Amino acid sequence: MKLGIICALVLTNSYLVFQYAQDKFSLPDWLDEIAQSSKDAVITAIDSLATKPMPAKLGLAEPAKQLAPVAEVPSELAFTGASCLDKRKATQSKRIFTWTDSHGIQHISDKPRRVDDGTPVTLVSNIHAKDLSINFLGLQGSYNLKQKIITSVNASKTLFEQVVPAELVKPLTVNFRLFTDKSGYEMYRGPATGLLKNSQGFYRAGTNESVVWVKNEAQGEKTAVHEAMHSINRHYIGQMSKWLNEGLAEVAEDIANNPSVLRSTLRSRRLLPVSDLLNSIPEQWAKDSSTHYRTAKALVSYLYFTDRTALTRLLLAESENGCETLQQVEVTRIIGKDVRTIDAMLKRWLS
């Protein structure tokens, strides 16, 4: 192949010299004959290429096979909290757990502690400003509303300062995204079913956003506080039982009110039996959301004002149970009373 290219170059060069420089100087007879032969060979080769017929059809290489599309990965947790992305399952390898029980005895075990009505807890007491910052995404919402939201969220910190175990608190930014028009809110929210369908706000765990549709400033402020509590719950505790998650958020909206005001708003309204609340599934919440939210608020309010340590233990247990959420048997063990007794005491407190 290389020899053929060299020969072609020599022949072409000889032809060009003969063609364009023959009038400049005379060549020897023997070289003149070689040049003439080269000229004739080049012309013959060119003519041969020009007259050679092209193939009827060009063969194309077979296209590469397309890769199968990659399955879409959800960017957020389901609104119902059915997915578990924020808690790691227990490691398969051995771990050593240590804790101190209510009698001051130090325990060392390869199994985590079993939180009950005697588990000692230490409260955070004060959440510093540097540990809870507030940020607004987008340009909607008035300056006055944003200032009210900041004030209300900071006031609602009181709830967490008095019930959250100190070891669970970590720096957090609450991101708000406000919408003053319903169409923009629904477009950002996307298709919705169940509780989210008729909501005025939601918390998007994947992007850590508390999204609020502001119908009016008073409603917008309360909804913002509610969704901010979901952000704090998720960050401090992780995935939670729905009644406990929503109950804390509902109480946070009215934390500035005294117990008598809270009781008066709940006293004359229908409530579920505590057992029904603790065992409700998402479909039941969607079917009768008002009663479920109201009962969750009543139960958390009762614990907050009468047995705050039990509420702290419930949060501690939720933070340590991996991808599980509290079941009725665990709630009764931690509170130290059976479900009928809890139900009776709640009704007595409300009366």
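Quick notes on this structure:
- Neighbour counts of other Cβ atoms within 10 Å put Glu246, Glu186 in the fewest-to-most order Glu186, Glu246.
- Net charge contributed by nearby residues that have their C-beta within less than 14 Å of Lys297 (K/R +1, D/E -1): +3
- Legend: residue pairs Lys242/Lys287; Lys215/Lys242; Lys170/Lys242, Cα-Cα distance threshold 19 Å; pairs beyond threshold, Lys215/Lys242; Lys170/Lys242.
- Rg of the Cα atoms in region 224-351, relative to 2.2 N^0.38 Å, amounts to 0.98.
- Shape category assigned to region 274-330 from the gyration tensor of Cα positions, a/c cut at 1.5: oblate
- Per-residue Cβ neighbour counts within 10 Å put Met229, Met345, Met187, Met240 in the sequence Met187, Met345, Met240, Met229, beginning with the fewest.
- In a reduced charge model with +1 at each Lys and Arg Cβ and -1 at each Asp and Glu Cβ, region 162-227 shows a dipole moment near 160 debye about its Cα centre.
Every number here is computed from the coordinates shown, using simple stated rules; none is lab data. Values in this document were obtained by computation on a predicted structure and should not be read as measured data. Note that each Cβ is placed from the backbone with ideal geometry, even for glycine, and that neighbours are counted across all protein chains shown.
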